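Data first, discussion second: the structure below is written as structure tokens.
The values are calculated or read from the model by the stated rules, or taken from the named source; none is laboratory data. Not measured: the values here are computed from a predicted model. Methodologically, a virtual Cβ is constructed for each residue, glycine included, from the backbone with ideal geometry; neighbour enumeration extends over all protein chains shown. These accessible areas exclude ligands, DNA and RNA; they are computed on the full protein's heavy atoms, side chains included. Shrake-Rupley method; radii C 1.70, N 1.55, O 1.52, S 1.80 Å.
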Amino acid sequence: VVVRPLLTTSRAEIVAYLEANGVAHVEDSSNTDEGYARNRIRHDAIPALQYANPAAERSIARLCRQMRAMDEWLTAEAAALLQAAAVPGGYDAATLRRAEGPVLDAALHALVSPVRDAEEKYVSLLRFLVLRGEGGVQLTPQVNYKLRDGLLVCLTGEGVQRLPAPPQ
């Protein structure tokens, strides 16, 4: 878990706090290197947004907080869906199909991510498999998801079925 408690605090607020409390600080020399995208955003994009709208930085920070809350909710809904669909040997495809689109996608993302980078194309392929009700998707040379007798099952290279744990 990465915690960034100052992510929504502006540089000006941090510098003002340090100066007010007599705290010395060191500036990382990489912070001025325009070779890093973060610095181009910091030095060019954010000032341009602030020029267009002085409240842009606060608005973006608020949007980030809202998106974090939405992501937490969606992750919990996906976990609940996987728990509801879990049966011996796999997941009940009919239960998965009844889920709302973003919840289903988040649940399928949770199944893909332990196996490989959960790019959109793999989540989309798995969604197509679940909605179609038949077929299979090879995620890696060793891991395949297939629909068998109404169940979404995960097969390893050894042919052993394994049930991925729902996300926490």
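Checking GLU13 against (1) under 30 Å from VAL137 (Cα atoms); (2) open to solvent by 70 Å² or more (accessible area, probe 1.4 Å), which single condition isn't satisfied?
Condition not satisfied by GLU13: (1).
For the range 90-108, state whether one or more residues are in contact with a helix residue (DSSP H, G or I) (Cβ under 7 Å, 6 or more places away or on another chain), surrounded by 19 or more Cβ atoms within 10 Å (Cβ to Cβ), closer than 30 Å to LEU49 by Cβ and among the hydrophobic types (A, V, I, L, M, F, W, C).
Yes, that holds for at least one residue.
Mind checking whether some residue in the range 142-162 is surrounded by 17 or more Cβ atoms within 10 Å (Cβ to Cβ) and within 18 Å of the chain's Cα centre (by Cα)?
Within the range 142-162 (the criterion being surrounded by 17 or more Cβ atoms within 10 Å (Cβ to Cβ) and within 18 Å of the chain's Cα centre (by Cα)), the answer is no, since none of the residues qualifies.
Select, from GLU57, GLU77, GLU134, the only residue that is in contact (Cβ under 8 Å) with a residue 12 or more places away in the chain and within 30 Å of ARG11 (Cβ to Cβ).
Numbers: GLU77 fails: within 30 Å of ARG11 (Cβ to Cβ); GLU134 fails: within 30 Å of ARG11 (Cβ to Cβ).
Result: GLU57 is the single residue among GLU57, GLU77, GLU134 that is in contact (Cβ under 8 Å) with a residue 12 or more places away in the chain and within 30 Å of ARG11 (Cβ to Cβ).
Quick one: is LEU18 assigned to a helix (DSSP H, G or I), touching a His at 6+ places or on another chain (Cβ under 8 Å) and without any contact (Cβ under 8 Å) to a residue 60 or more places away in the chain? Spell out how you get there, then give the answer.
Numbers: assigned to a helix (DSSP H, G or I): yes; touching a His at 6+ places or on another chain (Cβ under 8 Å): yes; without any contact (Cβ under 8 Å) to a residue 60 or more places away in the chain: yes.
Yes; evaluated as a whole, the condition is true for this residue.
Inspect all residues belonging to the range 60-83 and state whether any of them is closer than 20 Å to THR156 by Cβ, open to solvent by less than 50 Å² (accessible area, probe 1.4 Å) and not basic (Lys, Arg). Before the answer, list the steps.
Of the residues in the range 60-83, the ones closer than 20 Å to THR156 by Cβ are 82.
Imposing the further condition that a residue be open to solvent by less than 50 Å² (accessible area, probe 1.4 Å) reduces the set to 82.
Filter once more, so that each one left must be not basic (Lys, Arg): 82.
Yes, some residue in the range 60-83 is closer than 20 Å to THR156 by Cβ, open to solvent by less than 50 Å² (accessible area, probe 1.4 Å) and not basic (Lys, Arg).
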